[in-house]
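Please read the structure below before turning to the comments.
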Amino acid sequence: MRILIIEDEPELARHISRALSRHEHQVTAKYDGTEGLRVALAAPPDLIVLDLGLPGMDGLELLATLRRELCPSRVIILTARGEVEHRVRGLKAGADDYLSKPFSLDELVARVEAMGRRGATPKAIDLLRTGDLSMDVQHRRVTRSGRVITLSPREFDVLQVLMQEPGRVFSRTELCERVWRREHEYDTRTVEIFITRLRKKVDMNFDVPLIHTQRGQGYTVREPERPPSAAVPPRSNEESK
């Protein structure tokens, strides 16, 4: 994968670059938010490893600009340990995953590799449909009633899991396992944030919602309920004559 690291600590950026390069990724590093944004928009990489505390432009502002400009790159944000609110804001702004500092380089590489496998693995079903919502898996394109819905890579992954089995309720833990593939770390707030983002994009401007919460169980995508057909009253004897 082509990976852009935007991190203002040169030593940390070098360590990350070496670790990813050993796994045959093409890595570029920038140490300033403004320069990182310029490079990302000029030639969007497959993945951006983004620190939030940057000179020139704050990481959250940079991320919001990327998503506003419809940059398709996946984004892993790096946050200092304990900055829960920053992680939440980053996910809401369009990040696909996060890693708390200090972190293991092996874990970062594993998450990057997992993202690459999901992006490159061919899917058995290329077109998914639920009601008037359609997903072209191969081209990662989503439409509803013919209207294109722009999703971040992680939003697409969450919606794909739900649409593969419409009507089935997925718990937050199962969504974490399917989408983030974390064996021991489950963050229910992360799942809730992505469901909220999907609802705004998939349901907000349409009359009938397709994404539903099953209280105490999880989330599902299902076909809209059809109103019962009006019953035809039986004909009287007089009418049948």
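Structure summary
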item: All positions within segment 2-31 that are among the polar types (S, T, N, Q) and assigned to a helix (DSSP H, G or I); result: 17, 21
item: Residue among 46, 32 that alone is in contact with a Ser or Thr (Cβ under 7 Å, 6 or more places away or on another chain), farther than 24 Å from residue 192 by Cβ, in contact (Cβ under 8 Å) with a residue 24 or more places away in the chain and among the acidic types (Asp, Glu); result: 46
item: Check on residue 70, of a type outside the set (Gly, Ala, Ser), at pLDDT below 90 and in a strand (DSSP E or B); result: no
item: Exclusive hit being assigned to a helix (DSSP H, G or I) and over 19 Å from residue 152 (Cβ atoms), set 34, 65; result: 34
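The values are calculated or read from the model by the stated rules, or taken from the named source; none is laboratory data. Source: prediction; values computed, not measured. Don't worry about glycine lacking a Cβ; one is built from the backbone with ideal geometry, like all the others, and counts go over all protein chains shown.
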